[in-house]
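Heads up: the structure comes next, in C-alpha coordinates.
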Amino acid sequence: MRDDETPTGTPAGTLNPAAPAAPRTEAPTRSGAPSAWTLRLVAVGLVLTALNLRPAITSLGALLEEVRDGLHMSGSVAGVLTSVPPLCFAVFGVMAPRLARRFGPGAVVCAGMAAITAGLVLRPLVGGTAGFLAASALALMGIAVSNVLMPVIVKRWFPDRVGTMTGLYSMALALGTALAAAVTVPLTDALGGGWRAGLGIWAVLAAAAILPWLPLVRGGGTAGQPAAAQAPAPELRITRSRTAWGLACFFGLQATAAYITMGWMPQIFRDAGVSAGTAGVLLAVTMAMGVPLAFVIPRVAGRMRNQGPIVLFLGSCGLIGYAGLFLAPAGGAWAWAVLLGISNCSFPLALTMIGMRARSGAGVVRLSAFAQSTGYLISIPGPLLVGVLYQHSGGWGVPIALMAALMVPQMAAGFLAGRDRTIEDEC
(Lines give C-alpha, C1' and ligand atoms only; values in the text may rest on other atoms or scores of the structure.)
Protein backbone atom coordinates (compact mmCIF):
# COMPACT_ATOMS: atom_id res chain seq x y z
CA MET A 1 0.00 0.00 0.00
CA ARG A 2 1.40 3.38 -0.95
CA ASP A 3 1.50 6.42 1.28
CA ASP A 4 -1.13 8.22 -0.78
CA GLU A 5 -3.62 5.38 -0.54
CA THR A 6 -6.28 5.04 2.12
CA PRO A 7 -6.40 1.47 3.53
CA THR A 8 -9.40 -0.62 2.83
CA GLY A 9 -11.07 -3.44 4.69
CA THR A 10 -11.70 -3.32 8.41
CA PRO A 11 -11.66 0.21 9.85
CA ALA A 12 -8.27 1.11 11.30
CA GLY A 13 -9.73 1.86 14.69
CA THR A 14 -10.80 -1.76 15.23
CA LEU A 15 -8.34 -3.01 17.80
CA ASN A 16 -9.92 -6.14 19.21
CA PRO A 17 -10.55 -8.71 16.50
CA ALA A 18 -11.73 -11.49 18.78
CA ALA A 19 -13.49 -10.05 21.83
CA PRO A 20 -17.25 -10.58 21.92
CA ALA A 21 -17.94 -7.14 23.35
CA ALA A 22 -17.42 -3.90 21.47
CA PRO A 23 -13.80 -2.86 22.04
CA ARG A 24 -12.61 0.45 23.40
CA THR A 25 -11.02 2.14 20.44
CA GLU A 26 -10.18 5.62 19.23
CA ALA A 27 -12.92 7.38 17.33
CA PRO A 28 -11.73 10.71 15.95
CA THR A 29 -15.00 12.57 16.39
CA ARG A 30 -18.62 11.72 16.97
CA SER A 31 -19.29 12.09 13.26
CA GLY A 32 -16.31 9.87 12.38
CA ALA A 33 -14.22 12.62 10.74
CA PRO A 34 -11.27 14.02 12.75
CA SER A 35 -11.13 17.78 13.10
CA ALA A 36 -8.05 19.71 12.03
CA TRP A 37 -7.46 20.68 15.67
CA THR A 38 -7.56 17.05 16.75
CA LEU A 39 -5.10 15.99 14.06
CA ARG A 40 -2.72 18.77 15.06
CA LEU A 41 -2.95 17.69 18.68
CA VAL A 42 -2.22 14.07 17.77
CA ALA A 43 0.75 15.20 15.66
CA VAL A 44 2.13 17.22 18.60
CA GLY A 45 1.61 14.21 20.85
CA LEU A 46 3.48 11.96 18.43
CA VAL A 47 6.45 14.32 18.23
CA LEU A 48 6.71 14.89 21.99
CA THR A 49 6.32 11.18 22.66
CA ALA A 50 9.04 10.30 20.15
CA LEU A 51 11.41 12.81 21.75
CA ASN A 52 11.08 10.84 25.00
CA LEU A 53 11.64 7.31 23.68
CA ARG A 54 15.44 7.31 24.15
CA PRO A 55 16.69 10.01 26.60
CA ALA A 56 16.14 7.68 29.57
CA ILE A 57 18.74 5.39 27.96
CA THR A 58 21.24 7.74 26.36
CA SER A 59 21.34 10.13 29.33
CA LEU A 60 22.31 7.20 31.54
CA GLY A 61 25.02 6.17 29.10
CA ALA A 62 26.53 9.64 29.32
CA LEU A 63 26.69 9.47 33.14
CA LEU A 64 27.19 5.73 33.66
CA GLU A 65 30.58 6.10 35.33
CA GLU A 66 29.22 8.66 37.81
CA VAL A 67 26.17 6.49 38.52
CA ARG A 68 28.38 3.46 39.14
CA ASP A 69 30.53 5.40 41.60
CA GLY A 70 27.54 7.01 43.31
CA LEU A 71 25.67 3.75 43.84
CA HIS A 72 28.80 1.61 44.34
CA MET A 73 27.66 -0.51 41.43
CA SER A 74 29.84 -3.40 40.30
CA GLY A 75 31.03 -3.70 36.71
CA SER A 76 28.88 -6.76 36.12
CA VAL A 77 25.75 -4.99 37.35
CA ALA A 78 26.57 -2.03 35.15
CA GLY A 79 26.89 -4.43 32.22
CA VAL A 80 23.46 -5.83 33.00
CA LEU A 81 22.08 -2.30 33.17
CA THR A 82 23.27 -1.53 29.64
CA SER A 83 21.58 -4.68 28.29
CA VAL A 84 18.27 -4.09 30.08
CA PRO A 85 16.65 -1.75 27.49
CA PRO A 86 16.23 -4.26 24.63
CA LEU A 87 15.10 -6.93 27.10
CA CYS A 88 12.45 -4.60 28.56
CA PHE A 89 11.37 -3.55 25.08
CA ALA A 90 10.82 -7.21 24.19
CA VAL A 91 9.06 -8.24 27.42
CA PHE A 92 6.85 -5.20 28.02
CA GLY A 93 6.14 -4.60 24.34
CA VAL A 94 4.10 -7.81 24.28
CA MET A 95 1.64 -6.16 26.68
CA ALA A 96 0.80 -3.34 24.27
CA PRO A 97 -1.84 -5.08 22.10
CA ARG A 98 -3.91 -6.21 25.09
CA LEU A 99 -3.69 -2.78 26.73
CA ALA A 100 -4.60 -1.07 23.45
CA ARG A 101 -7.67 -3.28 23.02
CA ARG A 102 -8.81 -2.52 26.54
CA PHE A 103 -8.11 1.21 26.80
CA GLY A 104 -7.23 2.49 23.32
CA PRO A 105 -3.74 3.27 21.99
CA GLY A 106 -3.86 6.97 22.90
CA ALA A 107 -4.66 6.26 26.54
CA VAL A 108 -1.88 3.65 26.74
CA VAL A 109 0.68 6.02 25.23
CA CYS A 110 -0.43 8.70 27.71
CA ALA A 111 0.08 6.21 30.55
CA GLY A 112 3.43 5.28 29.02
CA MET A 113 4.58 8.89 29.17
CA ALA A 114 3.44 9.03 32.80
CA ALA A 115 5.46 5.88 33.54
CA ILE A 116 8.55 7.40 31.91
CA THR A 117 8.08 10.58 33.95
CA ALA A 118 7.69 8.63 37.20
CA GLY A 119 10.70 6.44 36.46
CA LEU A 120 12.91 9.41 35.65
CA VAL A 121 11.78 11.24 38.80
CA LEU A 122 12.30 8.22 41.06
CA ARG A 123 15.59 7.04 39.58
CA PRO A 124 17.75 9.84 41.03
CA LEU A 125 15.96 9.71 44.39
CA VAL A 126 16.56 6.06 45.27
CA GLY A 127 19.51 5.19 47.41
CA GLY A 128 20.52 1.77 46.11
CA THR A 129 21.14 -0.27 43.01
CA ALA A 130 17.92 -2.32 43.31
CA GLY A 131 15.74 0.79 43.47
CA PHE A 132 17.63 2.37 40.58
CA LEU A 133 17.05 -0.72 38.44
CA ALA A 134 13.35 -0.82 39.39
CA ALA A 135 12.84 2.86 38.52
CA SER A 136 14.70 2.35 35.24
CA ALA A 137 12.47 -0.63 34.45
CA LEU A 138 9.37 1.53 35.07
CA ALA A 139 10.58 4.12 32.56
CA LEU A 140 11.54 1.41 30.07
CA MET A 141 8.09 -0.15 30.39
CA GLY A 142 6.55 3.15 29.32
CA ILE A 143 8.97 3.35 26.42
CA ALA A 144 8.24 -0.24 25.37
CA VAL A 145 4.47 0.10 25.04
CA SER A 146 4.82 3.48 23.33
CA ASN A 147 7.35 2.01 20.88
CA VAL A 148 4.80 -0.56 19.79
CA LEU A 149 1.80 1.77 19.59
CA MET A 150 3.32 4.69 17.70
CA PRO A 151 2.83 3.00 14.28
CA VAL A 152 -0.70 2.08 15.36
CA ILE A 153 -1.61 5.70 16.13
CA VAL A 154 -0.13 6.84 12.82
CA LYS A 155 -2.21 4.24 10.98
CA ARG A 156 -5.33 5.17 12.95
CA TRP A 157 -5.20 8.96 12.59
CA PHE A 158 -3.17 9.45 9.40
CA PRO A 159 -3.95 6.44 7.18
CA ASP A 160 -3.18 8.38 3.99
CA ARG A 161 0.11 9.82 5.34
CA VAL A 162 1.80 6.82 6.92
CA GLY A 163 5.22 7.59 5.43
CA THR A 164 5.15 11.30 6.24
CA MET A 165 4.02 10.92 9.84
CA THR A 166 6.32 7.97 10.49
CA GLY A 167 9.15 10.12 9.16
CA LEU A 168 8.15 12.98 11.46
CA TYR A 169 8.18 10.96 14.66
CA SER A 170 11.24 8.95 13.57
CA MET A 171 13.11 12.23 13.11
CA ALA A 172 11.94 13.36 16.56
CA LEU A 173 13.09 10.05 18.04
CA ALA A 174 16.54 10.42 16.47
CA LEU A 175 16.71 14.02 17.68
CA GLY A 176 15.83 13.02 21.24
CA THR A 177 18.47 10.28 21.15
CA ALA A 178 21.22 12.61 19.96
CA LEU A 179 20.11 15.50 22.18
CA ALA A 180 20.26 13.46 25.39
CA ALA A 181 23.67 12.05 24.47
CA ALA A 182 25.05 15.50 23.64
CA VAL A 183 23.69 17.75 26.40
CA THR A 184 23.32 15.52 29.48
CA VAL A 185 26.88 16.14 30.68
CA PRO A 186 26.77 19.94 30.07
CA LEU A 187 23.37 20.08 31.78
CA THR A 188 24.77 18.12 34.72
CA ASP A 189 27.64 20.57 35.06
CA ALA A 190 25.27 23.53 34.84
CA LEU A 191 23.10 22.03 37.58
CA GLY A 192 26.01 21.63 39.97
CA GLY A 193 27.75 18.50 38.73
CA GLY A 194 25.55 15.90 40.43
CA TRP A 195 24.47 12.92 38.31
CA ARG A 196 21.10 12.78 40.05
CA ALA A 197 20.10 16.21 38.73
CA GLY A 198 21.54 15.38 35.31
CA LEU A 199 19.33 12.30 35.01
CA GLY A 200 16.25 13.76 36.69
CA ILE A 201 16.01 16.84 34.45
CA TRP A 202 14.73 14.68 31.58
CA ALA A 203 11.54 14.03 33.54
CA VAL A 204 10.47 17.58 32.59
CA LEU A 205 10.43 16.67 28.89
CA ALA A 206 8.56 13.45 29.63
CA ALA A 207 5.93 15.30 31.66
CA ALA A 208 5.38 17.70 28.76
CA ALA A 209 4.60 14.72 26.51
CA ILE A 210 1.63 13.76 28.72
CA LEU A 211 -0.22 17.01 28.05
CA PRO A 212 -1.32 16.58 24.40
CA TRP A 213 -2.82 13.17 25.13
CA LEU A 214 -4.99 14.29 28.07
CA PRO A 215 -7.72 16.09 26.05
CA LEU A 216 -7.70 13.23 23.54
CA VAL A 217 -8.23 10.65 26.28
CA ARG A 218 -10.79 12.72 28.19
CA GLY A 219 -12.72 14.22 25.29
CA GLY A 220 -15.83 12.43 24.14
CA GLY A 221 -15.35 10.55 20.88
CA THR A 222 -11.57 10.93 20.91
CA ALA A 223 -8.54 8.83 21.79
CA GLY A 224 -9.17 6.20 24.41
CA GLN A 225 -12.97 6.63 24.47
CA PRO A 226 -15.51 3.96 23.51
CA ALA A 227 -16.48 3.97 19.86
CA ALA A 228 -19.59 2.70 18.23
CA ALA A 229 -19.64 -1.01 17.59
CA GLN A 230 -17.75 -1.91 14.46
CA ALA A 231 -17.51 -5.05 12.38
CA PRO A 232 -14.87 -7.29 14.01
CA ALA A 233 -11.71 -8.00 12.07
CA PRO A 234 -10.75 -11.63 11.48
CA GLU A 235 -8.45 -13.31 13.97
CA LEU A 236 -4.82 -12.97 12.89
CA ARG A 237 -2.38 -15.80 13.54
CA ILE A 238 0.66 -13.61 13.18
CA THR A 239 3.20 -16.43 13.38
CA ARG A 240 1.88 -17.87 10.12
CA SER A 241 2.88 -14.77 8.17
CA ARG A 242 6.19 -14.87 6.32
CA THR A 243 6.02 -11.09 6.04
CA ALA A 244 5.71 -10.75 9.83
CA TRP A 245 8.70 -13.03 10.40
CA GLY A 246 10.72 -11.19 7.76
CA LEU A 247 9.90 -7.86 9.39
CA ALA A 248 10.75 -9.18 12.88
CA CYS A 249 14.13 -10.48 11.69
CA PHE A 250 14.84 -7.25 9.81
CA PHE A 251 13.92 -5.20 12.88
CA GLY A 252 16.08 -7.37 15.15
CA LEU A 253 19.14 -7.36 12.92
CA GLN A 254 19.03 -3.62 12.30
CA ALA A 255 18.72 -3.10 16.06
CA THR A 256 21.73 -5.40 16.54
CA ALA A 257 23.77 -3.28 14.11
CA ALA A 258 22.65 -0.06 15.82
CA TYR A 259 23.53 -1.25 19.33
CA ILE A 260 26.92 -2.54 18.14
CA THR A 261 27.64 0.77 16.43
CA MET A 262 26.65 2.86 19.44
CA GLY A 263 28.48 0.62 21.88
CA TRP A 264 31.69 -0.23 20.05
CA MET A 265 32.42 2.15 17.18
CA PRO A 266 34.29 4.73 19.31
CA GLN A 267 36.54 1.97 20.66
CA ILE A 268 37.28 0.74 17.12
CA PHE A 269 38.44 4.22 16.15
CA ARG A 270 40.44 4.70 19.36
CA ASP A 271 42.24 1.41 18.88
CA ALA A 272 43.13 2.58 15.37
CA GLY A 273 44.85 5.67 16.79
CA VAL A 274 42.01 8.20 16.68
CA SER A 275 41.80 10.42 19.76
CA ALA A 276 39.03 9.87 22.30
CA GLY A 277 37.49 13.26 21.54
CA THR A 278 37.44 12.68 17.80
CA ALA A 279 36.04 9.17 18.28
CA GLY A 280 33.15 10.67 20.23
CA VAL A 281 32.51 13.23 17.49
CA LEU A 282 32.52 10.45 14.88
CA LEU A 283 29.83 8.61 16.84
CA ALA A 284 27.84 11.85 17.06
CA VAL A 285 28.09 12.19 13.27
CA THR A 286 26.76 8.65 12.85
CA MET A 287 23.83 9.37 15.16
CA ALA A 288 23.14 12.78 13.62
CA MET A 289 22.68 11.22 10.17
CA GLY A 290 19.45 9.76 11.49
CA VAL A 291 17.80 13.13 12.08
CA PRO A 292 17.23 14.28 8.47
CA LEU A 293 17.18 10.78 6.94
CA ALA A 294 14.62 9.52 9.45
CA PHE A 295 12.21 12.03 7.91
CA VAL A 296 13.15 11.49 4.27
CA ILE A 297 13.34 7.69 4.09
CA PRO A 298 9.83 6.93 5.40
CA ARG A 299 8.32 9.47 3.00
CA VAL A 300 10.11 7.86 0.05
CA ALA A 301 9.26 4.34 1.28
CA GLY A 302 5.60 5.26 1.74
CA ARG A 303 5.33 6.10 -1.96
CA MET A 304 6.80 2.78 -3.10
CA ARG A 305 4.91 -0.49 -3.39
CA ASN A 306 8.07 -2.49 -2.65
CA GLN A 307 10.63 -1.19 -0.16
CA GLY A 308 13.22 -3.84 -1.06
CA PRO A 309 15.45 -1.45 -3.06
CA ILE A 310 15.77 0.88 -0.05
CA VAL A 311 16.68 -2.10 2.15
CA LEU A 312 19.44 -3.10 -0.27
CA PHE A 313 20.76 0.47 -0.52
CA LEU A 314 20.98 0.91 3.25
CA GLY A 315 22.56 -2.53 3.66
CA SER A 316 25.13 -1.76 0.97
CA CYS A 317 26.12 1.41 2.84
CA GLY A 318 26.63 -0.71 5.94
CA LEU A 319 28.78 -3.27 4.12
CA ILE A 320 30.98 -0.53 2.64
CA GLY A 321 31.28 1.09 6.07
CA TYR A 322 32.36 -2.17 7.70
CA ALA A 323 34.83 -2.84 4.91
CA GLY A 324 36.29 0.60 5.54
CA LEU A 325 36.57 -0.06 9.28
CA PHE A 326 38.43 -3.27 8.48
CA LEU A 327 40.82 -1.88 5.87
CA ALA A 328 41.46 1.74 6.92
CA PRO A 329 39.62 2.63 10.15
CA ALA A 330 41.55 5.85 10.78
CA GLY A 331 42.26 6.93 7.20
CA GLY A 332 38.62 7.08 6.14
CA ALA A 333 37.01 7.47 9.55
CA TRP A 334 34.64 10.29 8.56
CA ALA A 335 33.39 8.45 5.49
CA TRP A 336 32.77 5.25 7.47
CA ALA A 337 30.90 7.20 10.16
CA VAL A 338 28.60 8.74 7.54
CA LEU A 339 27.98 5.42 5.76
CA LEU A 340 27.16 3.61 9.00
CA GLY A 341 24.87 6.47 9.97
CA ILE A 342 22.99 6.02 6.70
CA SER A 343 22.81 2.25 7.25
CA ASN A 344 21.36 2.74 10.73
CA CYS A 345 18.35 4.46 9.14
CA SER A 346 16.93 0.98 8.61
CA PHE A 347 15.08 1.67 11.88
CA PRO A 348 12.62 4.29 10.52
CA LEU A 349 12.24 2.15 7.41
CA ALA A 350 11.19 -0.80 9.59
CA LEU A 351 8.65 1.38 11.40
CA THR A 352 7.23 2.53 8.08
CA MET A 353 6.84 -1.03 6.84
CA ILE A 354 5.01 -1.99 10.03
CA GLY A 355 2.35 0.58 9.16
CA MET A 356 2.16 -0.57 5.53
CA ARG A 357 2.15 -4.35 5.93
CA ALA A 358 -1.30 -4.50 7.58
CA ARG A 359 -4.66 -3.18 6.38
CA SER A 360 -6.41 -2.73 9.73
CA GLY A 361 -5.62 -1.16 13.07
CA ALA A 362 -5.85 -4.62 14.64
CA GLY A 363 -3.30 -5.90 12.16
CA VAL A 364 -0.89 -3.02 12.78
CA VAL A 365 -0.98 -3.41 16.57
CA ARG A 366 -0.37 -7.16 16.32
CA LEU A 367 2.39 -6.75 13.76
CA SER A 368 4.06 -3.92 15.66
CA ALA A 369 4.10 -5.90 18.91
CA PHE A 370 5.34 -9.07 17.22
CA ALA A 371 8.03 -7.44 15.07
CA GLN A 372 9.41 -5.20 17.82
CA SER A 373 9.26 -7.69 20.70
CA THR A 374 10.77 -10.52 18.64
CA GLY A 375 13.24 -8.13 17.07
CA TYR A 376 14.54 -6.76 20.35
CA LEU A 377 15.03 -10.32 21.63
CA ILE A 378 17.10 -11.05 18.53
CA SER A 379 19.21 -7.94 19.16
CA ILE A 380 20.30 -8.79 22.72
CA PRO A 381 23.25 -11.17 22.04
CA GLY A 382 24.95 -9.14 19.28
CA PRO A 383 26.79 -6.44 21.27
CA LEU A 384 27.81 -8.99 23.91
CA LEU A 385 29.17 -11.36 21.25
CA VAL A 386 31.20 -8.58 19.66
CA GLY A 387 32.77 -7.84 23.03
CA VAL A 388 33.66 -11.49 23.58
CA LEU A 389 35.19 -11.84 20.11
CA TYR A 390 37.18 -8.63 20.60
CA GLN A 391 38.54 -9.85 23.92
CA HIS A 392 39.51 -13.32 22.71
CA SER A 393 40.77 -12.45 19.23
CA GLY A 394 42.85 -9.50 20.38
CA GLY A 395 41.67 -7.20 17.61
CA TRP A 396 38.76 -5.95 15.56
CA GLY A 397 39.11 -8.13 12.47
CA VAL A 398 36.82 -10.95 13.63
CA PRO A 399 34.18 -8.69 15.25
CA ILE A 400 33.96 -6.50 12.13
CA ALA A 401 33.63 -9.62 9.98
CA LEU A 402 30.70 -10.67 12.18
CA MET A 403 29.06 -7.25 11.78
CA ALA A 404 29.36 -7.46 8.00
CA ALA A 405 28.09 -11.05 7.98
CA LEU A 406 24.97 -10.07 9.94
CA MET A 407 24.20 -7.40 7.36
CA VAL A 408 23.53 -10.07 4.72
CA PRO A 409 20.55 -11.76 6.47
CA GLN A 410 19.33 -8.29 7.45
CA MET A 411 19.12 -7.34 3.79
CA ALA A 412 17.44 -10.64 2.90
CA ALA A 413 14.84 -10.31 5.68
CA GLY A 414 14.16 -6.68 4.81
CA PHE A 415 13.71 -7.51 1.14
CA LEU A 416 11.17 -10.19 2.13
CA ALA A 417 9.33 -7.78 4.42
CA GLY A 418 9.31 -5.05 1.79
CA ARG A 419 7.15 -6.92 -0.70
CA ASP A 420 3.77 -5.41 -1.58
CA ARG A 421 1.51 -7.57 0.58
CA THR A 422 -0.17 -7.48 3.99
CA ILE A 423 -0.24 -9.93 6.87
CA GLU A 424 -4.01 -10.33 6.43
CA ASP A 425 -3.23 -12.03 3.10
CA GLU A 426 -1.05 -14.61 4.85
CA CYS A 427 -2.70 -15.28 8.22
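The values are calculated or read from the model by the stated rules, or taken from the named source; none is laboratory data. Since the model is a prediction, treat every value here as computed from it, not as a measurement. No Cβ is skipped: glycine too gets one built from the backbone with ideal geometry, and neighbour counts run over all protein chains shown. In case anyone asks, the SASA skips ligands and DNA or RNA and just uses the protein heavy atoms, side chains included. Shrake-Rupley method; radii C 1.70, N 1.55, O 1.52, S 1.80 Å.
The overall shape of segment 280-427, judged from the alpha-carbon gyration tensor, is prolate: a/c is not under 1.5, and a/b is greater than b/c.
For segment 316-427, the relative contact order works out to 34 percent when only alpha carbon pairs closer than 8 Å and six or more residues apart are counted.
To one decimal place, what orientation-averaged projected area in nm² is obtained for the convex hull of the Cα set of segment 48-153? Before the final figure, lay out each step's value.
Working: hull surface 25.2 nm².
Orientation-averaged projected area of the Cα hull: 6.3 nm².
Across all directions, the average projected area of the convex hull around the alpha carbons of the chain is 19.2 nm². Backbone geometry of segment 182-191 corresponds, through the Karplus equation with coefficients 6.51, -1.76 and 1.60 at θ = phi - 60°, to 3J(HN,Hα) couplings of 7, 10, 4, 5, x, 5, 4, 5, 5, 8 Hz, x marking Gly and Pro. Excluding ligands, DNA and RNA, the accessible surface per residue across segment 66-199 is 35 Å² with a 1.4 Å probe.
If R0 is 51 Å, the Cβ-Cβ spacing of H392 and R237 corresponds to a FRET efficiency of close to 0.75. Ranked by the mean number of other Cβ atoms within 10 Å per residue, highest first, peptides 193-200, 391-398, 123-130, 314-321 order as 314-321, 193-200, 123-130, 391-398.
In segment 43-73, whose amide N lies under 19 Å from the spot 7 Å out along Cα-to-Cβ of L211? List them in ranges. Hits in segment 43-73 for L211 at 19 Å: 43-53.
Its alpha carbons considered, segment 328-404 gives a radius of gyration followed by a Dmax of 17.1, 51 Å.
In terms of packing, defined here as the mean over residues of other Cβ atoms within 10 angstrom, the peptides 177-187, 239-249, 45-55 line up highest first as 45-55, 239-249, 177-187.
Given a 1.4 Å probe and every protein chain left where it sits, what share in percent of the accessible area of the chain is carbon and sulfur? About 67 percent, which is the carbon plus sulfur part of the accessible surface. Per-residue Karplus couplings for segment 284-294, computed as 6.51 cos²θ - 1.76 cosθ + 1.60 with θ equal to phi - 60°, are listed in order as 4, 4, 4, 5, 5, 4, x, 6, x, 5, 5 Hz, Gly and Pro entered as x.
For segment 150-216, the mean projected area of the C-alpha convex hull, equal to one quarter of the hull surface, is 5.4 nm². With contacts taken as Cα pairs under 8 Å at a separation of at least 6 residues, the chain carries a relative contact order of 28 percent. Per residue, segment 229-387 exposes an accessible area of 36 Å² to a 1.4 Å probe, with every protein chain left in place. Taking every DSSP helix (H) stretch of at least 4 residues in the chain, weighting each as -39,500 (n - 2.57) and dividing the sum by the residue count yields a mean residue ellipticity at 222 nm of -23500 deg cm²/dmol.
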